[in-house]
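Working notes, structure below.
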Amino acid sequence: MDHLANPRHQLSDFDHAAPLRRRRPAVSCIECRRRKVACDRGNPCSNCVMRKATCKYRRQPVNLPSPVLPPPVLPTPSTVEHCDTTASLPSVGHSDEASVSASQIADHGVPNKVVSTKQSSLKTSHRFTKGRIFGQSHWMNKLYRFVEIHRISLNCYFDDTSDTYKLQDRCKRLAHVLKGPHTLEPTNRQIGDIDIKSLVTSRAICDQLLGLYFGAFNPIYGVLHKPTFIRELDAYWYGDSVANEIFLSKLLLTLSIGTAIYSGPDAKSLRKALSVAASDVVLTRQAWQCVPATKHALTEDTLQVSLLSLIARQCSSISVGGENVWITAGTLLRTAMAMGFHRDPIHLGRISIFKAEMRRRIWYGIVEILIQTSLDNGQSPLLATEEWDTAAPADVDDENLAEDMLSPPVSRPLDQFWTQSTAQCALVRSLPLRLRIAKDLNGIQSDLSYEQTLELGKKLNDECLANSKLAGPCKRSSLDLDELRQNLLQLKLVDTLTRRFLLSLHTSFSQKSIQDPAFYFSRHVCLDSALKIWTYVTPTRLPSPSSPNLTHLNNRQQPSTSEAQDEYTLLKLRSCGTFKSIFQDSTTTVCLELTQRLLEDPSIAFSGFLHGRQLMPPMLKELHEMVKDSVGIHKGRIWEGETNIKGFVFFATALAQADAMIRHGGKGAVQGDFGDDRIEQDLLQAQKKGFEEALRILESLVAETEAGGVKAGKDENLRTKSYGDGKSRHSGAGGIREDSFSDLSAPTEQEPLEPLFLRSSELSGDVLGPWFYMDFDTEGLT
């Protein structure tokens with residue numbers, strides 16, 4: 001037994017073991033294998049012809065000659081447990097059917113723990129589909145673990161006569177109609193021709209929106225100097241001077257960003273009006289980047305407009321590629337480097353103290369948005385700390401920074417005072433560590449061991465603890481309740497943008513903890529991080545569905561936009577890009593933990609069945625309530641204008657899965673036994689109910705749009721056409737749809753709908769392939 005503790009002996013036994021046997025290749029079509037019926041191997045087969053199903057066969061992997069490998073190198077104990085590599089398995093389109101049973105492992109005399117660790121290091125961590133690659137930190141990689149939810153969704157995909165299929169089709173059509181009036185198309189109007197005063201209607205609302213921007217987002221990214229901006233606004237508003245295009249662009253973008261957390265009168269109409277106007281700025285700025293840069297375009301002002309455009313695309317209703325900000329952020333970074341922002345101003349000659357401080361703020365704002373979007377897209381930030389020497393910005397209020405100042409400002413200690421720059425300084429403090437984590441997670445050659453993960457996680461957890469200590473100066477420096485509310489929101493965002501790296505760092509090992517208890521600490525860290533990101537209260541006291549901020553989200557009626565709500569909740573409801581990715585990641589983590597706990601201890605589920613969910617263990621009950629709250633948030637996102645209803649349906653089905661496990665004693669879990677037809681019927685019913693509820697919301701929004709004077713299919717920005725071939729066409733600006741529908745009830749010939757969730761290539765084994773988003777490629781799964 002002593003040799004079991006020595007990894008050298010373990011690998012030696014594995015190397016001398018007999019070759020593992022492989023299963024015979026599948027010859028039946030996917031549909032017949034799913035239904036477990038005999039297949040005549042036709043193309044199409046008779047069963048698929050009778051059921052009017054798509055008949056496809058799995059492609060067999062090409063047998064390549066084995067490469068000549070160098071002599072094996074005995075690893076040290078620190079290198080036995082490694083994270084996922086990126087090139088050890090075929091792409092997602094080719095499923096490897098090799099499987100090793102427990103009896104085979106026992107026959108070879110290899111400990112289960114070693115084999116599990118060895119196999120986990122061979123599992124691919126990047127997924128390639130439709131010309132895009134999703135790296136290890138991309139949150140959607142977790143959705144591959146919802147095996148049973150994806151499995152039952154195949155009924156919706158193959159059976160075009162089912163009610164669920166028709167509901168999904170109807171929702172898709174209504175979503176296209178709603179996209180029409182709000183589609184961002186270039187209007188060919190000049191920025192100077194936009195009458196901002198008529199859009200905002202009053203200076204009071206303008207000041208309120210600007211207060212939300214400067215109270216939440218500007219302290220994070222440090223884009224604008226508030227006193228200077230307010231002076232320019234006064235000159236524009238009261239007609240003392242003619243505003244230039246640069247200032248109007250800044251004003252439109254800041255107002256649009258402010259609407260993301262605005263809950264005052266006419267919030268929805270105000271967001272729509274400002275988002276359309278701000279989209280012209282975004283599209284104009286994108287056009288600037290498509291032409292050769294001139295010396296007139298390379299200015300600090302243009303960098304500020306570009307950075308504001310990236311923020312607006314992620315936290316407001318602007319739908320110009322909010323999921324692809326990482327691409328534009330890379331361009332902006334190189335533009336800033338071309339202008340010398342990566343060098344500290346002391347190396348650049350005679351620059352005023354004010355300009356030097358603003359350059360530092362803008363540089364770290366660009367780097368911050370780059371590494372955040374790097375984690376969103378699962379891509380490397382393509383930047384190293386050795387490539388800049390810009391000093392951290394000073395921790396001072398904007399009022400203490402003037403254009404004519406002659407001496408540098410005195411930076412205050414972070415743990416004693418809270419200023420308008422404290423949030424950015426706190427993020428800069430952990431920036432090198434977070435940059436390294438983003439590179440280690442998504443780098444092509446990254447090879448992160450578990451020991452390295454624990455080391456990085458400890459350092460990052462120390463940074464999170466240091467951020468939590470800022471609550472003291474945050475409260476002491478607040479003069480009134482409004483200022484305290486803003487400062488606490490800044491502290492929430494700082495902790496969120498930092499802690500999400502801790503969640504991504506431990507995710508891959510958390511998934512391995514199901515088979516190997518040695519990684520259980522990572523599972524605990526992921527759950528703790530997800531709870532804190534979602535709630536920001538003590539993890540044992542989550543908000544109940546009856547909370548004032550969440551009540552209307554769990555009801556069927558439309559929420560009141562004038563109802564005062566917490567800004568953090570509003571960010572969950574309206575954001576896209578980075579903030580949406582963070583909330584989706586935390587929600588998915590909690591869903592997985594809930595179902596996994598019910599699977600591991602069926603007695604807990606049975607206790608909930610006998611005595612009700614209220615008598616379940618407190619932690620399990622809180623997880624259930626959080627998933628329920630997240631379903632309400634996703635429903636609220638549809639009310640707020642999001643036309644992709646699949647997130648709501650997915651998490652509603654995940655909640656139904658947990659409820660079914662409670663009723664039926666823990667069956668039907670993430671990777672568990674799915675032999676109970678009652679659970680399958682529960683999930684199918686929940687999926688159908690989710691589509692019905694989403695359909696009611698979309699119909700209400702269409703009726704509201706038509707009542708407002710914008711008729712579906714008749715707006716000037718819409719080109720009326722039938723559904724036809726089912727393919728979307730795009731204009732030249734940012735991949736914007738042009739298709740709409742003239743008659744939703746008319747029968748049309750169309751391509752089969754994409755699967756709502758993952759399309760399974762086999763019933764027994766891991767589900768491979770993309771989940772329910774339409775931009776995933778499913779051709780490689782056959």
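Read the figures in this text as sums done on the coordinates, not as results from a lab. Since the model is a prediction, treat every value here as computed from it, not as a measurement. Here the Cβ positions follow ideal geometry from the backbone for every residue, glycine too, while neighbour counts run over all protein chains shown.
Can you tell me how much longer the chain between LYS475 and ASN400 gets when fully stretched, taken as 0.36 nm per residue apart minus their C-alpha distance, in nm with one decimal?
Working: separation 75, 0.36 × 75 = 27.00 nm, distance 2.05 nm.
Using 0.36 nm per residue and subtracting the Cα-Cα distance, I get 25.0 nm.
For a quick check: with amide H placed at 1.01 Å from N, whose amide H comes under 5 Å from SER449's, ignoring anything fewer than 5 positions away on the same chain?
Placed amide hydrogens put CYS83 under 5 Å from SER449.
Compute the FRET efficiency between ILE346 and GLU692 as 1/(1 + (r/R0)^6), taking r as their Cβ-Cβ distance and R0 = 56 Å, and round to the nearest 0.05.
0.30
Name the long-range amide H neighbours of ALA394: under 5 Å, sequence gap of 5 or more, or other chain; modelled H, no Pro or chain starts.
none
Per-residue HN-Hα couplings for the stretch 618-628, Karplus 6.51 cos²θ - 1.76 cosθ + 1.60 at θ = phi - 60°, whole Hz, x for Gly and Pro?
Computed from phi, the couplings for the stretch 618-628 are x, 5, 5, 5, 5, 4, 4, 5, 5, 4, 5 Hz.
Give me the extension gain from ASP601 to ASP462: residue separation times 0.36 nm, minus the current Cα-Cα distance, reported in nm with one decimal.
Values: separation 139, 0.36 × 139 = 50.04 nm, distance 3.30 nm.
Contour length minus the Cα-Cα distance gives 46.7 nm.
Per residue of the stretch 256-269, what does 6.51 cos²θ - 1.76 cosθ + 1.60 with θ = phi - 60° give for ³J(HN,Hα)? Whole Hz please, x for Gly and Pro, Karplus curve as stated.
Here the 3J(HN,Hα) series is 5, 5, x, 5, 5, 10, 9, 10, x, x, 6, 5, 5, 5 Hz.
If packing is taken as the average count of other Cβ atoms within 10 Å, what order do 417-428, 136-147 fall into, highest mean first?
Working: 417-428: 24.5, 136-147: 21.9.
Highest to lowest by the protection proxy: 417-428, 136-147.
Quick one: of LYS52/LYS646; LYS572/LYS688; LYS492/LYS572, which pairs are farther than 19 Å apart, Cα to Cα? Could you put the intermediate results ahead of the total?
Working: LYS52/LYS646 25 Å; LYS572/LYS688 25 Å; LYS492/LYS572 13 Å.
Listed pairs above 19 Å: LYS52/LYS646; LYS572/LYS688.
Could you sort the peptides 342-355, 459-472 by per-residue average Cβ neighbour count (10 Å cutoff), highest mean leading? Write down the numbers at each step before the final one.
Working: 342-355: 14.0, 459-472: 15.7.
The densest-packed peptide leads the list: 459-472, 342-355.
Taking K and R as +1 and D and E as -1, what net charge do the other residues with C-beta under 10 Å from the C-beta of TRP388 add up to? Intermediate results must be reported in sequence, preceding the final value.
Details: positive: ARG343; negative: ASP344, GLU386, GLU387, ASP389.
Summing Lys/Arg as +1 and Asp/Glu as -1 gives -3.
Quick one: which residues, 5+ away or cross-chain, put their amide H under 5 Å from the amide H of GLY443? H built at 1.01 Å from N.
Placed amide hydrogens put nothing under 5 Å from GLY443.
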